Amino acid sequence: MTQAITAEKKKPAKKTTAKAVNSLDVSDHKATVGKNFADNAKMTMRNVNVFYDDKQAIHDVSVDIAKNEVIAMIGPSGCGKSTFLRSLNRMNDTVDICRVEGQICMDGEDLYSPKLDVVELRARVGMVFQKPNPFPKSIYENVAYGPKIHGLADSRVDLDEIVENSLRKAGLWEEVKERLHQAGTGLSGGQQQRLCIARAIAVSPEVILMDEPCSALDPIATAKIEELIEELSQNFTIAIVTHSMQQAARVSHRTAYFHLGRLIEVNPTEQVFTMPEHQLTEAYITGRFG
Amino acid sequence: MTEALNNLGKIKKSLSRRNRAERRFRWYGRMAVFIGLAAVMVLFTDIISKGQGAFRITYIELEVTYEQDRIGIQSLTDPEQLATGNWEALYKAALRNEFTEVSGRRDKRKLYGLISSGAGFDLKDRLLANPLLLGATENVWILADDDIDTYYKSWLDGEPYAARMSTKQLQWIDELHAQGKIRLQFNKNLFTRGDSREPEQAGIRGAVMGSLLTLLLTLLLSFPIGVSAAIYLEEFAPRNRWTDFIEVNINNLAAVPSIIFGLLGLAIFINFFHIPRSVPIVGGLVLTLMTLPTIIITSRAAIKSVPPSIREAALGMGASKYQVVLHHVLPLSLPGMLTGAIIGMAQALGESAPLLMIGMVAFIVDIPAGFSDPATVLPVQIFLWADSPERAFIEKTSAAIMVLLSFLIVMNTVAVWLRKRLERRW
Amino acid sequence: MQATNILILIIGLGAFAFFLGRGRSIALAAPLGGIRKLHSLPSYYGLHAALWCALPSLFLLGMWMMFDDPLINSIVVKSVASEIAPTNSASYNLLLNKISNLADGILPRKGENAALVAAADHMISLRVVSRWSLTALLLTLSSLGLLWGWSRISASFRARPVVEKVMQNILLACACLAIFTTVGIVLSVLFESIQFFRSVPIFDFVFGLEWSPQMAIREDQVGSSGSFGAVPLFVGTLLVSAVAMVVAVPIGLMSAIYLAEYASKSVRAYAKPALEILAGIPTVVYGFFAALTVAPFLRDLGASFGLSVSSESALAAGGVMGVMIIPFISSLADDVITAVPQSMRDGSLAMGATQSETVRRVIIPAALPGIVGGIMLAISRAIGETMIVVMAAGMAAKLTANPLESVTTVTVQIVTLLTGDQEFDSPKTLAAFALGLMLFTVTLLLNIFALHIVKKYREQYD
């Protein structure tokens, strides 16, 4: 686990004071409360604004994602957490009207600099989507897709090994090793999602973004995925968007609470769910809205 | 994480190759679109550049004396005399007066060849319209022969095409030009006359009328039948194999080559029912069968786009299924159906292959006035002219194509406009 | 136009019956306490009467129109004087033509055989009788129907279900017209083809290598043996279609991909309809373009390279046909490509695939069934395309795979064999129907298969 990264000189985390907010109105909300900056940051986001045409979806978000941590992003639907996640590997580029401002860096490298190749970025920052989306190919081909396009395997044996390893890491190997060449779309929903995870880790990304990966799955499949996330967190940095607070509580180290496009609070998960700093967070986790 | 590092190196190395491939692929796509658009451009430019000349035609000014005995008639009211009168003699004499030095039979024939062989009848019409001219002399602009027309136009454009001309004729035209007695005028024959073997006399009126009659019949038959079929399939048909069979049939008929419909028309309408060949009735029937699938398919799409909630609301009020259809579904889907009908009609207007089979390819001079008059249609007229050897027919063909295309453009524009204007978004 | 007058008369009577029926139902309802007491709305009673009045008459009219001509003809021909009586079917038709032309006044009567003139007069009188008896019959039938429909009207009579049932059957009949058309096509080509295969063995037709359909019109004519081996036509058709596909498939597919995946919204909004203009241009225009612009251009181009290109080359016809088919393929491909769910694209792009890798490795494979179906429909269209090849491909049946030479196709031969006044039952014209049968069968199979694939594909992503 020796990552050759040029650790950015960290500015001392800004002291933020909890401001009493009596209403749920956030338009006057300026700063995020809690520990939104980390010392061993893998990714750093500063003053990020995202617009769809004229509509602003993300307002001035600044947060760090630390190395090998699992950070959960929660919030009511439409709060912009998915949009924010998608700007971390520039998937928002595929939406014509979407515009990202501010600074997003990984290992100190600006992700939105014109010099950066988005292909390389996405190989380093993998993504798992809300609905399992295996390609209409065989299980093997699904996992081999990334290594093939990036030219990671030098031989067939290499490729076989990568596929097996990835499927093993995704906890799917035992279930599918007999039918690697059957269509990936024939698997159950939970298996499909784990296949998508296997597909993502086959290129050994540094960060994995997960956009509500369990929302389309039943509880048993969800439990398996959550287990898997925990295992993966030993090797990967993971950012997960979820609308299930229990899930955030179970899998994440830190939790970020989004509200109407603003990042309200970031704190260690335990703290967020036991004694949230901000009133809005508290209102959300106690079920006053969401 | 050496693995990741290792991978990163490999990915970085592959980047330039992959980005090149990406650019190449994008360029292929751009080229494909460009080629398609270029084809449209080339086609239109080609047709327009070939056909623009046809809207003007060469006339020669001659001093014509309407001498009674030269024509060989006693009165202007006896139709038999009018039919047998030697009307050509009028312009022939005028030509001889103009070029007094011409002698010898061959030269004279060349000289008469300057003028369209149908010009005598134009002079006759002129005289009949104004009987006082009998015995008088006037300067008349007379239609020139097609070879002269082709040459004169090409000569004006600076690239004379004199293949079918003799040196004497070239000389005469030079003389006429010097005296200002030859000029281009608007070619009204093109729009007022039927077909002719003489390119300068030929017009598209007959074909346009034929197309109009055929299309009218097609519309009258195919629209109600098509809409009824669509209503049945969308609103009433039970989900069973028979309905599936009907659907398969409709979809297949939409893709059956049009010439097969011609064979059907020939075997059924002409050989079995003994409807005469070459008439708009058969053409209309064949085109009806051909456009029905299009109309049914678009009408069904239009009916489908009416939300079920409207049907449920009406049914909930106690309306019968027919009342729902008649009062709600039909009015709401009518714009879509009309659009489909126009598209079907545009398709029928451009169709020619099946009409060749049922004899609408005959040479017909008279302008049809009814559904049972022999007729041809515009695209078939284009086919006939394109096949004619005379060079002057090339520009006539292109002009007819321009007319056909303008009809189609108007129809399609109306369809698009209708869809934009009336289509409701649910 | 007498039939039209009768038609208008029947429709008029129907309208009359409608108002009569409606009036009666209202009148009947008045003492009972208004039209609320009726089972159905008054207009349904009107419609009921109108249907009874007009439908049987219309049916009779249709039947009469179908069968009166053949009946009159056979009566006339049977009763003609023996010296002009026909001996075989050909002379039967000839005689009939002559008589009816005389009767219609197309041929002048002066100087015609007296027996013929008499027959023509007979025909005219029979026609008059037929018209008048038809009119009388129809009027009686309509009145009876009207009376029946009118008499059934009562407050408890359930007019609406009856009317709706009839309407539904009319709608069903309209929908079934598609089936009748197919059956009509099958019967007409099959019937004539069977006749053809009686004189030319089917094996010789399908596998014969020589095509020269010159049959003698009279038996004693020299060179009366035509040969009907259709293989050169099949080869020619395939060659032209192959050229068309070589042009249309890559261009159509790539432009669909570009417009669906790369082009900005505004480019797409203009380029797509502009490309579709190509689909709206009549084939005869393409034929003209191919024959007068493309073919000479290719011939001159070939000559400048020292190649001899026929002025009616398969290349010119096929190339122009390909241009015609571009929008067909591109719009079908566009449909199936945009039907591939966005999540596939996202999945691939998030893996770090470039856009072209996504297209080639994920989208095209996912859309492949739909694309293949579209291409098959395009092939069926190319095979059946007539005007371009009639105008720009040749007449000579050559067995060649060289696109620079002139070839002839199935459709060209159908047109050549059937235009002009041929006798209808000569093998030459019948051969056209046999070719039609081949064409119909092949395109039908292609279409069914392709439509099936496309449908299955649609269901997959719906």
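The values are calculated or read from the model by the stated rules, or taken from the named source; none is laboratory data. Computed from a prediction, not measured in an experiment: that's the story for all the values here. Because the Cβ atoms are built from the backbone with ideal geometry, glycine has one as well, and the counts that use them run over all protein chains shown. Heavy atoms of the whole protein, side chains included, go into the accessibility calculation; ligands, DNA and RNA do not. Shrake-Rupley method; radii C 1.70, N 1.55, O 1.52, S 1.80 Å.
Within segment C:436-448, one or more residues are in contact with a Leu (Cβ under 7 Å, 6 or more places away or on another chain) and farther than 25 Å from residue C:320 by Cα.
Taking the criterion of being more than 9 Å from residue C:382 (Cα to Cα) and surrounded by fewer than 24 Cβ atoms within 10 Å (Cβ to Cβ), the residues of segment C:243-252 that qualify are C:243, C:246, C:247, C:249, C:250.
Has segment A:206-217 got at least one residue that is more than 24 Å from residue C:362 (Cβ to Cβ), surrounded by fewer than 24 Cβ atoms within 10 Å (Cβ to Cβ) and either in contact with a Cys (Cβ under 8 Å, 6 or more places away or on another chain) or not charged (D, E, K, R) (or both)? So far as segment A:206-217 goes, no, none of its residues is more than 24 Å from residue C:362 (Cβ to Cβ), surrounded by fewer than 24 Cβ atoms within 10 Å (Cβ to Cβ) and either in contact with a Cys (Cβ under 8 Å, 6 or more places away or on another chain) or not charged (D, E, K, R) (or both). For segment B:130-152, taking the residues that are hydrophobic (A, V, I, L, M, F, W, C) and open to solvent by 30 Å² or more (accessible area, probe 1.4 Å), the one that is nearest to residue B:168 (Cα to Cα) is identified as B:141.
Looking at C:149, C:105, can you tell me which residue is over 38 Å from the mean Cα position of the chain (by Cα) and either more than 30 Å from residue C:38 (Cβ to Cβ) or not basic (Lys, Arg) (or both)?
Values: C:105 fails: over 38 Å from the mean Cα position of the chain (by Cα).
Result of the check over C:149, C:105: C:149.
One residue is enough: does segment A:169-186 have a residue meeting the conditions open to solvent by 60 Å² or more (accessible area, probe 1.4 Å), in contact (Cβ under 8 Å) with a residue 12 or more places away in the chain, in a loop (DSSP other than H, G, I, E, B) and within 14 Å of chain C (Cβ to nearest Cβ)? No, segment A:169-186 has no match at all. If you check residue C:160 against the conditions, is it in contact (Cβ under 8 Å) with a residue 12 or more places away in the chain, surrounded by 17 or more Cβ atoms within 10 Å (Cβ to Cβ) and either of a type in the set (D, E, K, R) or more than 24 Å from residue C:54 (Cα to Cα) (or both)? When the stated conditions are applied, residue C:160 passes them.
Here is the figure for segment C:224-278: residues that are aromatic (Phe, Trp, Tyr), more than 9 Å from every other protein chain (Cβ to nearest Cβ) and touching a residue at least 12 places away in the same chain (Cβ under 8 Å) total 2.
If you check residue C:42 against the conditions, is it without any contact (Cβ under 8 Å) to a residue 24 or more places away in the chain, in contact with a His (Cβ under 9 Å, 6 or more places away or on another chain), surrounded by 12 or more Cβ atoms within 10 Å (Cβ to Cβ) and assigned by TED's automatic domain parsing to the domain that holds residue C:137? So residue C:42 fails the test.
Taking the criterion of being under 30 Å from residue C:106 (Cβ atoms), of a type in the set (Gly, Ala, Ser) and buried (at least 20 other Cβ atoms within 10 Å of the Cβ), the residues of segment B:329-380 that qualify are B:348, B:352, B:353, B:359, B:375. Residues in segment B:390-407 that are out of contact with any Asp or Glu (no Cβ under 7 Å at 6 or more places or on another chain), of a type outside the set (A, V, I, L, M, F, W, C) and either more than 22 Å from residue B:345 (Cβ to Cβ) or open to solvent by less than 50 Å² (accessible area, probe 1.4 Å) (or both): B:391, B:395, B:396, B:397, B:398.
Only one of the listed residues (B:380, B:325) is more than 28 Å from residue B:266 (Cβ to Cβ) and part of a helix (DSSP H, G or I). That residue is B:325. The condition of being in the same structural domain as residue C:141 (by TED's automatic domain parsing), surrounded by fewer than 14 Cβ atoms within 10 Å (Cβ to Cβ) and in a helix (DSSP H, G or I) does not hold for residue C:111.
Looking only at segment C:167-202, which residues are of a type in the set (Val, Ile, Thr), within 16 Å of residue C:428 (Cα to Cα) and part of a helix (DSSP H, G or I)?
Within segment C:167-202, C:189, C:194, C:202 meet the criteria.
Exactly one residue out of B:267, B:237, B:254 is under 30 Å from residue C:452 (Cβ atoms), in contact with a Pro (Cβ under 8 Å, 6 or more places away or on another chain) and assigned by TED's automatic domain parsing to the domain that holds residue B:334, and it is B:254.
The C-beta contact set for segment C:104-129 (first residue among the small types (Gly, Ala, Ser), second residue open to solvent by less than 60 Å² (accessible area, probe 1.4 Å) and in a loop (DSSP other than H, G, I, E, B), distance under 7 angstrom, 6+ apart or interchain) comprises C:115/C:80; C:115/C:81; C:119/C:80. Quick one: would you say residue C:329 is in contact (Cβ under 8 Å) with a residue 24 or more places away in the chain and farther than 30 Å from residue C:440 by Cβ? When the stated conditions are applied, residue C:329 does not pass them. Of the set (1) touching a residue at least 12 places away in the same chain (Cβ under 8 Å); (2) over 14 Å from residue C:454 (Cβ atoms); (3) surrounded by fewer than 24 Cβ atoms within 10 Å (Cβ to Cβ), all apply to residue C:365 but (1).
Going by what's in this entry, would residue C:205 be described as surrounded by 17 or more Cβ atoms within 10 Å (Cβ to Cβ), more than 8 Å from chain B (Cβ to nearest Cβ) and part of a helix (DSSP H, G or I)?
So residue C:205 passes the test.
Note on segment B:114-129: residues that are of a type outside the set (Ser, Thr, Tyr), outside any helix (DSSP H, G or I) and modelled with pLDDT of 85 or more total 2.
If you go through segment A:122-145 and keep only what is over 12 Å from residue A:204 (Cα atoms), at the interface with chain C (Cβ under 8 Å from one of its Cβ atoms) and assigned to a helix (DSSP H, G or I), you end up with just A:145.
Residue C:291 fulfils the conditions (1) farther than 23 Å from residue C:376 by Cβ; (2) assigned to a helix (DSSP H, G or I); (3) open to solvent by 40 Å² or more (accessible area, probe 1.4 Å) except for a single criterion, (3).
Restricting attention to segment B:298-323 and to residues that are surrounded by 20 or more Cβ atoms within 10 Å (Cβ to Cβ) and within 14 Å of another protein chain (Cβ to nearest Cβ), the residue that is farthest from the chain's Cα centre (by Cα) turns out to be B:303.
Screening segment B:1-48 for residues that are open to solvent by 70 Å² or more (accessible area, probe 1.4 Å) and hydroxyl-bearing (Ser, Thr, Tyr) and picking the one that is farthest from the other protein chains (Cβ to nearest Cβ) gives B:45.
Entry remark, segment A:86-136: residues being of a type in the set (A, V, I, L, M, F, W, C) and closer than 21 Å to residue A:66 by Cβ number 9 in total. What residue, among those in segment B:89-148 that are in contact with a Leu (Cβ under 7 Å, 6 or more places away or on another chain) and small (Gly, Ala, Ser), is nearest to residue B:170 (Cα to Cα)? The residue in question is B:144. Of all the listed residues (B:70, B:96), the sole one being at pLDDT 85 or above and open to solvent by 10 Å² or more (accessible area, probe 1.4 Å) is B:96.
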